[in-house]
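Working notes for the structure below.
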Amino acid sequence: MNSSVMQIVGSIRGSPWTIQRQVHCKSGSPARSISGDGGRTAAARNFASKDSEAYGVHCKLASITKAPQKSGRNLQQNRINNAKKSSEELIGGHSSQAYNVDSMRKTDKRPSWKDLIKSEDKSMDGKQTVSPSSTELLKTGKVAKKSNLPMLEPERSKIFLYHIDGGGQVVATVTKTTPKIYSLSVQLDMGKQEPVLLHWGLFRSSSTDWVLLDPKDAPPGTKYTKGKTEAMRTPMECDSRGIRTLELDFDASKTPFYVAFVLFRPAQNGGEATWIRSAHGENFCIPVGIGKGQPEPLGLTWKKDGLVNFSLYSKNARNVILCLYKDDSTQPCMEIDLERSVHRTGDVWHAEVEVGEFTRYGYRCKGDVSWESGNRYQARHVLLDPYAKLLAPPVPGQESLPSPARALGSLKRQTVQFDWESDAYPRIPLERLVVYKLNVASFTSDESSGLEESVRGTFEGIARKVQHLVDLGVNAVILESVFEHDDCRLNPISFFAPAARYGSGDCLSASTSLKKMVKELHSHGIEVILDVVYSHTAEGGDDTPKNISFRGIDNSTFYILDGFGKVVASEFGTSNAFNCNHPVVQRMIVDSLRHWVEEYHVDGFVFVNGSALVTGPHGQQLSRPVLVEAISFDPVLASTKLIVDTFSPFTRSSKSLPFPHWRRWCELNSLFRNDARRFLRGDIGELSSFATRLCGSGDIFANGRGPSYSMNFVTGPYGFTLADLVSFSESSGSSTEFSWNCGAEGPTEDPLVLETRVKQVRNFIMALLLSEGVPVFNMGDEYGHSKGGQIDLEESSSQFFWSYLGTDFGQQITRLMKSLTDFRSRRKDIFQRSSYAVPGSITWHGSDSQEPHWEIHKSSFLGARFIADKQEGVGGLEVADLFIAFNPHGDAVLATFPECSTGMTWYRIADTSLPHPDDFVLEGVPINTQISTSLGGTYEVQPYSSVLFEARQRSIMPKGRSTLKFPAAAPSKQL
């Protein structure tokens, strides 16, 4: 399709403004569009002022209470006096750039003045002249008498005071006088009698795209100047003292917009005409229906009467344009250029707007596009507010639109505040936690959950399944990242908004659903901890960029760059690295954490790719990172649980680093995972490492913390499941999983292999729950969930199948988890310590009851005796020491037990080689029924098995077996 472009560029010496237009003609149908900044001439910028400069015009913005209407002279004098008393803030000058046209745009058919503006030109004696073309919206006389609209109660007015070149002042007052009328009063005090005209126009998104009107519809005496200086030129009435006044009333439904003007003094007595600007040579620009707003807090803040404060950080943008959308619009319905002189404080852009029917918002940012600067401004894109608390539903096919917006903030709000009732944070001590990690979508998305389809895969679905967590003995859950994200849940788009897919389809429902879930879990004594990802975003790098938010707002602030201004890839496998320790970014992360605590009552956070928290702007490791310190000592976060996870799901590796913990930070213990897997599959030389993990990983946490800061886990969401860990060792990725298939790869019917796999699963659960530290289960391990030996990040591969809980294997493993969790809670003197055991309270044993041969790599059997601080009576039994032993090899070991205290005997509590339900017997089986020795007795520990014994003195032995009711079943062949 052919396209012809005609440019009209005006430039005239002394002109107050010039215009540049582009007329695009396609298929004979003319249309107008506004040129970008690159096409604007110096003359065009004369009116728009200098885009990249801050203005220091001596102008004050004040807010006063509007007095009852008096004569024009008295009213204006009151406004002047009040303005002089105000010293609120200096503003002035003018700067503007924007891109799209809207309802105020100039077209071939000029909009009628009656559609936009109402004028009254008041003389100093109160008399008015009436334009013959007046209509309902173009009334003359006093508005209160002529209009049927009710007068508003006196409200605060915005007063702009400018000093002008050559002496004198301009005072502009904007007041909403009725629900449908904004009044603008312009007063000039020069002390001279010469006639002065207001040379003016209206614009919203760009000063090069203003509304010019037919003179017959203009205010009284207005003339339309054509050519390169086309504008409205309206005379100002002057009193005997040289005070000139002009009042204009505007239709409030057409706001927001700007009134831009300079003052024109015609030639007198053969002299030259002159233009009057501010003392700094800038033009005057008055916002109507656009409040100055406040720089704090960042993001969107609702105020009274539907007003919204918008605040955005962008240090390097020359111009910021607020874009507003309606429900059915794919492109911005209104664009508001934020004036630097009025709407910028420091590096923060802000404005206060009545949003009305608008439901979505975003920003355009424009600035330096040179590669070396590190910025990536593309004015075509509408960008997401980084502080948006709720996101609007996405519009498909954005890239094909003139103004693509991959994500927008939502202007919808909850009409009724959520009722937390008596919700309280459980505040469970670290050492008493039993944690269950789950994925929100996968946990209930399968129809086997028994939930209605609208609830599956949502926060509410978790709340409906809380009893399962209670049955496992869990008192805390870790939710995989719930930030709004792209196709991968680990690529966040927003750090403040919950993912809409976890609600009933939109972000607002997800927000409500999350609150209901937290409230329900808290009522059952279960804490809610969130995985959070601040290491990178979904915007990609310079090779695969996606302008969603941060990249287009201030790329050089939010991302780590190399020496050439290019976004660097991270060490944890992502194409960008978030600049976490930049002061602005650090503050945003802390604000995000506070938001989740204050708004959603969450109890803690796990920081995925945690090494990013200690990375500096040049990729260096910081010894005292400001972000970690700020989080550690933030008063709002003082009671939250802070957990760092240095394992990268992308590279499948962990980074070992001395994390600056300030005695506040726990760590997901990847060494526990690796050492437990190596030892239990029979690797030689792992005896000492595994023993260190059993007693709380003192090599990591003895530096001022304790065993409760170690979050122990065997499996996680980004690798092999527990079932795959004992079923695959030849598949892709198994080399980093330290797995063992127990003799056959994948599914098998071999009974010996299946028996070994069941024992190994039990061994891992024993090691996890009988170690000092906090045990962390992974969703699905309780029934033997399998990914088929694959490693991926897809939610679908982690789908929880509720029907499998009813299988023999599912019932056995669930029972074992619950039984060991209860036992662990009962023996909190051993397993729930906040500090390390004193020397001598743990003794290590080989198969002969002597200390193991640590230096002999082939040694594999490991026994540990935990000596109780004091005897505790439980269920009529006097209990004391515990003995735990692991045999990770294929031969049985006749183990000799250490001698019990006088009058005590060893009772077998658990043996992973025994068939269900004898694998765990809470009341215990006394060992003295077997072969005895002068030490403490012997017990044959079967291949690939582990045992648990408790020293007891018989007092009143409870009859029967455990009161726990689980069906008996043979070992499952599910594996």
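The values are calculated or read from the model by the stated rules, or taken from the named source; none is laboratory data. If you're wondering where the values come from, they're calculated on a predicted model, not measured in any experiment. Methodologically, a virtual Cβ is constructed for each residue, glycine included, from the backbone with ideal geometry; neighbour enumeration extends over all protein chains shown.
Things to note:
- Subset of the range 477-494 [aliphatic (A, V, I, L, M), part of a strand (DSSP E or B) and without any contact (Cβ under 8 Å) to a residue 60 or more places away in the chain]: 477, 479
- Residue count, the range 167-200 (criterion: modelled with pLDDT of 90 or more and small (Gly, Ala, Ser)): 3
- Flag for residue 795 being of a type in the set (Asp, Glu), surrounded by fewer than 24 Cβ atoms within 10 Å (Cβ to Cβ) and in contact with a helix residue (DSSP H, G or I) (Cβ under 6 Å, 6 or more places away or on another chain): yes
- Single residue of 383, 433 found to be touching a helix residue (DSSP H, G or I) at 6+ places or on another chain (Cβ under 6 Å), in contact (Cβ under 8 Å) with a residue 60 or more places away in the chain and not acidic (Asp, Glu): 383
- Pairs with Cβ under 9 Å, 6+ apart, first in the range 210-230 and not assigned by TED's automatic domain parsing to the domain that holds residue 186, second surrounded by 15 or more Cβ atoms within 10 Å (Cβ to Cβ) and modelled with pLDDT under 70: none
- Exactly one residue out of 652, 663 is more than 30 Å from residue 574 (Cβ to Cβ) and either assigned by TED's automatic domain parsing to the domain that holds residue 865 or within 27 Å of the chain's Cα centre (by Cα) (or both), and it is 663.
- Test: residue in the range 551-562 that is closer than 23 Å to residue 649 by Cα, part of a loop (DSSP other than H, G, I, E, B) and among the charged types (D, E, K, R): no
- For the range 768-779, the count of residues that are in the same structural domain as residue 650 (by TED's automatic domain parsing) and part of a helix (DSSP H, G or I) is nonzero.
- Odd one out for residue 441 among (1) among the aliphatic types (A, V, I, L, M); (2) under 22 Å from the mean Cα position of the chain (by Cα); (3) assigned to a loop (DSSP other than H, G, I, E, B): (3)
Here's the yes/no breakdown for (1) assigned to a loop (DSSP other than H, G, I, E, B); (2) on the phi > 0 side of the Ramachandran plot:
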| site | (1), (2) |
| --- | --- |
| 496 | yes, no |
| 505 | yes, yes |
| 518 | no, no |
| 521 | no, no |
| 529 | no, no |
| 532 | no, no |
| 537 | yes, no |
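- Odd one out for residue 790, checked against (1) farther than 21 Å from residue 480 by Cα; (2) surrounded by fewer than 23 Cβ atoms within 10 Å (Cβ to Cβ); (3) touching a helix residue (DSSP H, G or I) at 6+ places or on another chain (Cβ under 8 Å): (1)
- Where helices (runs of 4 or more DSSP H) fall entirely within the range 648-711, those with at least 3 residues that are touching a Leu at 6+ places or on another chain (Cβ under 9 Å) are at 670-680, 687-694.
- Checked against the criterion of being touching an Asp or Glu at 6+ places or on another chain (Cβ under 6 Å) and of a type in the set (A, V, I, L, M), the range 824-832 contains not a single residue that satisfies it.
- Within the range 322-351, the set of residues being more than 14 Å from residue 309 (Cα to Cα) and part of a loop (DSSP other than H, G, I, E, B) comprises 326, 327, 328, 329, 330, 331, 332, 333, 339, 346, 347.
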